[in-house]
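Q: Okay, handing you the structure first.
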C-alpha cells in the first residue's frame, strides 16, 4: 500500500476505537509508529514507548495535538513498564489495546556461531519482555484491562515459521512469541483476546539489511511482487484489535505477500 493510498483509506475509516486507549511498544518509527497512527486515526488515544526520547518526540509530533503520549524507556526494564502503566492509569484511567511490538536482532549469521549472551538478550527482550507487558497490563489494578475486554496483539515474524538463514535465532524468539500468543489466549479467554501478526520483510530501518540495494530481487519471489509497508501491518493489527474480530483469538495472522506459501523465507 502506498502512503497516499494509506491516507485515502484512513480518511474513510470508521472510529472503531473511539473512547479507547491503546499502548504500542517500540513505536518511535517503522511498524510500531504505523500501528499507532492507524489506531489513532480510528479514534484511539495512543501511548507510544521506545528507548530514545528524541525519536519519540519526533513521532508524537506527527499526531494531532492531545491524541498521543510518549513515554521513553527500555522495554525490558521493569521500572519503565511500571511507569508506563501508572501513567496510563493516572491520565486515562483505562487500557483497551496492548500492542507488543518491541523486538531486537543484534546478530546475523549461523546458529552454530551465535554469541550466547546475545541469544539470551534476544529472548529476554522479544519473549520475556512480551510476556511481562501482558502480565503487568492484566494485573494493574487501575487499568481495568480485563473488565474492558482488553485485546493484545503481538508482532511475531514469518522467521518463526520457517528457517531463515542469518536470522535464525531471531526466528526462534518469534516462534516463541507465536506460541506465547496462543497460550495466553487460552488462559485469558473469554475476557481478553490475544492474537499476533507475523510479517515477512517490511520496509523499515529494522529490516534494511534484508533488502537494501536489492529490493526488486527480494520482492520478486513474493506473489504480491512487493515488500510490506508499516501500513500493511497496521491494518492487520487494527482488525485484530477491533470489535470486527471479536470471535478471533489465539491466532497468528501471516502478513507476507504470499512468500511463505510460495516457498520463500523471511
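Q: Extending each Cα 7 Å along its Cβ direction at residue 90 and residue 183, get the distance between those two points in nm, one decimal.
A: 3.4 nm
Q: Same structure again: Once fully extended, how much extra length lies between residue 52 and residue 216, figured as 0.36 nm per residue of separation less the alpha-carbon to alpha-carbon distance? If you can, show how the numbers build up before the last one.
A: Working: separation 164, 0.36 × 164 = 59.04 nm, distance 3.21 nm.
This chain segment gains 55.8 nm when fully extended.
Q: For the chain, taking Cα atoms only, what is the radius of gyration to one decimal and the Dmax to the nearest whole Å?
A: 17.5, 51
Q: Output the relative contact order of the chain, whole-number percent, from Cα pairs under 8 angstrom with separation of 6+ residues. It would help to have the intermediate numbers written out before the result.
A: Details: 530 pairs, mean separation 51.0, N = 266.
Here the relative contact order equals 19 percent.
Q: Please give the calculated 222 nm ellipticity per residue for the chain, where each DSSP H segment of at least 4 residues contributes -39500 (n - 2.57) and the sum is spread over every residue; nearest 500 deg cm²/dmol?
A: On the way: 10 runs with 104 residues, N = 266.
So the calculated ellipticity at 222 nm is -11500 deg cm²/dmol.
Q: Could you work out the Kirkwood radius for region 152-230, taking every pair of different alpha carbons, averaging 1/r and inverting it, reported in Å?
A: Numbers: mean 1/r = 0.0725 Å⁻¹.
One over the average 1/r among Cα pairs gives 13.8 Å for region 152-230.
Q: Contour minus end-to-end for residue 114 and residue 131, with contour as 0.36 nm per residue of separation and end-to-end as the Cα-Cα distance? Mind dumping the intermediate values first?
A: Values: separation 17, 0.36 × 17 = 6.12 nm, distance 2.41 nm.
Value of the extension gain: 3.7 nm.
Q: Provide the packing ranking of 42-51, 203-212, i.e. peptides ordered by the mean count of other C-beta atoms within 10 Å per residue, highest first. Mind showing how you got there, number by number?
A: Working: 42-51: 22.9, 203-212: 15.7.
Listed from highest to lowest mean packing, they are 42-51, 203-212.
Q: By how many nm would the segment from residue 261 to residue 79 lengthen if fully extended, with 0.36 nm per residue of separation less the alpha-carbon distance?
A: Numbers: separation 182, 0.36 × 182 = 65.52 nm, distance 4.18 nm.
Length gained, residue 261 through residue 79: 61.3 nm.
Q: Could you tell me which of rounded, prolate or oblate describes region 43-112, using a ≥ b ≥ c as the square roots of the eigenvalues of the alpha-carbon gyration tensor, with rounded for a/c under 1.5 and, failing that, prolate when a/b is larger than b/c and oblate otherwise?
A: Values: a/c = 2.26, a/b = 1.72, b/c = 1.31.
Prolate is the answer for region 43-112, as a/c is 1.5 or above and a/b outweighs b/c.
Where a number appears in this text, it was derived from the coordinates with a stated rule and is not lab data. All of these numbers come straight from a predicted model, not from anything done at the bench. Methodologically, a virtual Cβ is constructed for each residue, glycine included, from the backbone with ideal geometry; neighbour enumeration extends over all protein chains shown.
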